[in-house]
Ligand SMILES: Cc1cc2nc3c(=O)[nH]c(=O)nc-3n(C[C@H](O)[C@H](O)[C@H](O)COP(=O)(O)OP(=O)(O)OC[C@H]3O[C@@H](n4cnc5c(N)ncnc54)[C@H](O)[C@@H]3O)c2cc1C
Ligand code: FES
Ligand code: FES
């Protein structure tokens, strides 16, 4: 049985754990506030909140219920827009109405859920951050101006509420959420961990499901599957003596928020904001990005340049290998069927490291790269002493540009060497023409991204005009 709390109601169900949460909510529970728009994680009409006990309090995150397996709701609090119903509209709902933030209304429940999720999961409230948290919600009618005004108005209402109350009480007093939210923690504590999710004959292993449920949801909903949480795949991000270790089940949002990552790769969290949207990052795992083996995976691209290693856990034993050795051909991996990515690790970058990630996509936000690239360098007296360089979207696999790196080692940073290096990079890649652009266009993109690394990291030595 899968057991969880849906708004203010206990749910027990023997539905398959792979059932799409959105389908269960709408068809079985007849809660039709969450809408089916794209079913691909793109529109946010299906957004719900998932609350989970962490360090003795409940942490709420927004997710796309169209990509979430029902089994992952076990032991958690699932909140749909109906879960905010009170005698009156909440201040968020009033603000949306008053400021013209809704027209046809199809997107509105998703916006209300994401906005309420922002207030639930942040004690420090800021208008820009609140707007940012709506990045996964798309509206075709309003042009967003009314929605932005609604955010500003709601932040003002929140700020006017007495500061003496704790966060949850403050939100309840201000009527952002109903008072049953106070009882949820106690009720969740009574649910057995992990329940008895079915395990036999599993064909699928699901991390966050953000690739699998887009690519194969029809097969998945008829199949048994294993989940990262059942297999106890770690999700923490740690620093040991000289290594940074990322658990296979860590999400992209965890990487973005990690203190360890912020300390050693300070620009990475800003750059990871270009990865999907908040609800996608809340579910998408690092290992899922690696094993999905898309040539344009963003975190894979970054980890390749960092010379990351994988620890694969099999039924009986484990083994380590470099990430760049993992890819054997298009979607062909050095991985046995029963092997699971348990840890991803890389050397703690030295304090002198220079790091840059570049991604070009058709839209800046909420889009997958056409081409991406990461560079990591150490430089002594204007000479490159260490380099990692990756390129995505320009070959059947995510690439580490070994030959270009070999060329650049011990070279001075100057326009001539950068120009010579890009010619070697052009020989290492083999892009194809597809929906994201022609082979020729992708070559041009990589060339520009490569130049962009050097222009950004060495503004004194590299002059853009001389490169072009
Ligand atoms: C709207 C949208 C936007 C997106 N934007 C981006 C983007 O900007 N950049 C980007 O790179 N990607 C993006 N993606 C793709 C996707 O979110 C990522 O590839 C994500 O990291 C996949 O992780 P997951 O846990 O959801 O994988 P899943 O879908 O759960 O699994 C993908 C594959 O990995 C396997 N797998 C998962 N975990 C493990 C493990 N621990 N060990 C072994 N195998 C495992 C699964 O069996 C499956 O084969 C986007 C997807 C969507 C829907
Ligand atoms: S239906 Fe569009 S994101 Fe889920
Ligand atoms: S109000 Fe129509 S899609 Fe947003």
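Every read-out reported here was derived from the displayed coordinates using simple, explicitly stated rules and does not represent laboratory data. What you are looking at is a predicted structure, and each value in this text was computed from that prediction instead of being measured. Here Cβ is always computed from backbone atoms with ideal geometry, including for glycine, and neighbour counts include all displayed protein chains.
Things worth noting here:
- Of the Cα atoms belonging to the range 86-177, the radius of gyration and Dmax stand at 12.5, 40 Å.
- P(r) tail fraction, the range 237-347 - alpha-carbon pairs more than 22 Å apart, %: 27
- Sorted peptide list for 135-143, 388-396, criterion being average Cβ within 10 angstrom, highest first: 388-396, 135-143
- Overall, the anisotropy analysis places the range 114-161 in the oblate class: the square-rooted eigenvalues a ≥ b ≥ c of its C-alpha gyration tensor yield a/c not less than 1.5, with a/b not exceeding b/c.
- Sorted peptide list for 424-432, 249-257, 459-467, 101-109, criterion being average Cβ within 10 angstrom, highest first: 249-257, 101-109, 424-432, 459-467
- Max-minus-min Cα coordinates of the range 1-150 on each principal axis give 44, 34, 30 Å, with the largest extent listed first.
- Legend: Rg and Dmax of the chain, from Cα coordinates, 23.4, 70 Å.
- Where only C-alpha atoms are counted, convex hull volume of the range 131-237 per residue in Å³: 205
- Degrees, to the nearest 10: 439-457 long Cα axis against longest axis of the chain: 90
- Computed [θ] at 222 nm, helices only, for the chain once each DSSP H run of length n ≥ 4 contributes -39500 (n - 2.57): -8500 deg cm²/dmol
- Relative packing of peptides 373-385, 306-318 - highest average C-beta neighbours within 10 Å first: 373-385, 306-318
- Each of 87, 99 was scored by other Cβ atoms within 10 Å of its Cβ. Arranged with the fewest first, they read 87, 99.
- D_trans [Stokes-Einstein, Kirkwood Rh over alpha-carbon pairs] for the range 311-438, 4 °C, 1.567 mPa s, µm² s⁻¹: 77
- Per residue, the Cα convex hull of the range 148-305 amounts to 206 Å³.
- Span from the the range 5-46 Cα centroid across to the the range 387-466 one, whole angstrom: 44
- Hydrodynamic analysis of the range 1-84 uses the Kirkwood radius over alpha carbon pairs. Inserted into Stokes-Einstein at 37 °C and 0.692 mPa s, it gives a translational diffusion coefficient of 259 µm²/s.
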